[in-house]
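Enquirer: Quick one: this structure, given as structure tokens, is what I'll be asking you about.
The values are calculated or read from the model by the stated rules, or taken from the named source; none is laboratory data. All values reported here derive from a predicted model rather than from experimental measurement. In this analysis, Cβ positions are derived from the backbone assuming ideal geometry, glycine residues included, and neighbour counts consider all displayed protein chains.
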């Protein structure tokens, strides 16, 4: 991993965590999602991590039809690597969640590596009213929500996409998820180089202390072998940029975007995904590092290429 000093920026442009009430800048419609992805790529993102939403309500929508409304436009207007979520929303079944990746055969798909409590309910305290009637119950429901990713579920996603040459962004929310990934590596169901995304700051997973970041990296090195994976990080909320800076200085890659944080500074909403990409790019280049282009990211991660997707 240390042989390349090119830092891959991933931008997760909308996600399924934040609701429309929380920010007027959260992409919801197909045009907004496409514009956000293209803008992030122009700002320096090599990969865009994509979810879809109902354009009328902003609710997460994991149907292939929802993704079909923006994928061709992004591909036509950008060379960016497209990464489709198989996480969808924690309230969805694994069969629902994997359908876009199975249908469109992207270069990269995300894959959550273990079940966790996935608590969003603390956000309720920030808002007195909500724009849509689904938002408050959705957030309240996470007090009693387990984001299910059993070994059977994970293997189902892997085998569903096995013949598509799709590689995975392995999302690891806690130390145990690295052990789960090591299990699948030992069984030969995943193959290096693994793209390991360490997730910090979701209530129910690992925290955002610098020691948490160090521990995730040390454990991944020990379990997977530094030569077998490419490390990336995302910090939720206010931890986004500090954790990105720490990881970049440690030789890692970074993920930003409005899925992970709505903010660009204390009390300041980010007005676009591109704004966050620009900010983290300044941090990376300030450390004397170079930002990877999409084709350089394809080489680092050994991806199949944008000409082999099904959209």
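Enquirer: Criterion first (within 23 Å of residue 234 (Cα to Cα) and within 17 Å of the chain's Cα centre (by Cα)) does residue 147 satisfy it?
Expert: Answer is yes for this residue.
Enquirer: Something else: Looking only at residues that are more than 16 Å from the chain's Cα centre (by Cα) and more than 17 Å from residue 67 (Cβ to Cβ) in region 15-37, which one is surrounded by the fewest Cβ atoms within 10 Å (Cβ to Cβ)?
Expert: Residue satisfying both the conditions and the ranking: 24.
Enquirer: If we keep just the residues of region 185-199 that are in contact with a helix residue (DSSP H, G or I) (Cβ under 7 Å, 6 or more places away or on another chain) and under 17 Å from residue 230 (Cα atoms), which is surrounded by the fewest Cβ atoms within 10 Å (Cβ to Cβ)?
Expert: Looking at residues that are in contact with a helix residue (DSSP H, G or I) (Cβ under 7 Å, 6 or more places away or on another chain) and under 17 Å from residue 230 (Cα atoms), I get 192.
Enquirer: From the list 232, 261, pick out the single residue that is in contact with a strand residue (DSSP E or B) (Cβ under 6 Å, 6 or more places away or on another chain), crowded, with 22+ Cβ neighbours inside 10 Å and at pLDDT 95 or above.
Expert: Working: 261 fails: in contact with a strand residue (DSSP E or B) (Cβ under 6 Å, 6 or more places away or on another chain).
Just a single option satisfies the conditions, and that option is 232.
Enquirer: Check off (1) buried (at least 24 other Cβ atoms within 10 Å of the Cβ); (2) closer than 19 Å to residue 240 by Cα for residue 82 and give me the number that stays unchecked.
Expert: (2)
Enquirer: Within region 38-64, take every residue that is touching a strand residue (DSSP E or B) at 6+ places or on another chain (Cβ under 7 Å) and more than 25 Å from residue 94 (Cα to Cα) and give me the one that is surrounded by the fewest Cβ atoms within 10 Å (Cβ to Cβ). Outline the logic, then answer.
Expert: To start, the set of residues in region 38-64 that are touching a strand residue (DSSP E or B) at 6+ places or on another chain (Cβ under 7 Å) comprises 40-41, 44-51, 53, 59-61.
Subsequent filtering for residues that are more than 25 Å from residue 94 (Cα to Cα) retains 40-41, 44-46.
Values: 40: 31, 41: 26, 44: 20, 45: 36, 46: 26.
Selected residue: 44.
Enquirer: Quick check on region 121-144. Is at least one of its residues surrounded by 18 or more Cβ atoms within 10 Å (Cβ to Cβ), closer than 23 Å to residue 310 by Cβ and at pLDDT 95 or above?
Expert: No, every residue in region 121-144 fails to be surrounded by 18 or more Cβ atoms within 10 Å (Cβ to Cβ), closer than 23 Å to residue 310 by Cβ and at pLDDT 95 or above.
Enquirer: Find the helices (runs of 4 or more DSSP H) located wholly in region 42-121 whose residues include 1 or more that are closer than 29 Å to residue 182 by Cα and in contact (Cβ under 8 Å) with a residue 12 or more places away in the chain, and list them.
Expert: Once the helices (runs of 4 or more DSSP H) in region 42-121 are filtered for at least 1 residues that are closer than 29 Å to residue 182 by Cα and in contact (Cβ under 8 Å) with a residue 12 or more places away in the chain, what remains is 94-104.
Enquirer: Then there is this: If you take the residues in region 265-290 that are part of a strand (DSSP E or B) and in contact (Cβ under 8 Å) with a residue 12 or more places away in the chain, which one is nearest to residue 27 (Cα to Cα)?
Expert: 269
Enquirer: Which residues, taken from region 127-157, are assigned to a loop (DSSP other than H, G, I, E, B) and either within 20 Å of residue 16 (Cβ to Cβ) or without any contact (Cβ under 8 Å) to a residue 40 or more places away in the chain (or both)?
Expert: 127, 128, 130, 131, 132, 133, 134, 145, 148, 149, 150 - these are the residues of region 127-157 that are assigned to a loop (DSSP other than H, G, I, E, B) and either within 20 Å of residue 16 (Cβ to Cβ) or without any contact (Cβ under 8 Å) to a residue 40 or more places away in the chain (or both).
Enquirer: Return yes when residue 28 is in a loop (DSSP other than H, G, I, E, B) and touching a strand residue (DSSP E or B) at 6+ places or on another chain (Cβ under 7 Å) and no when it is not.
Expert: Yes.
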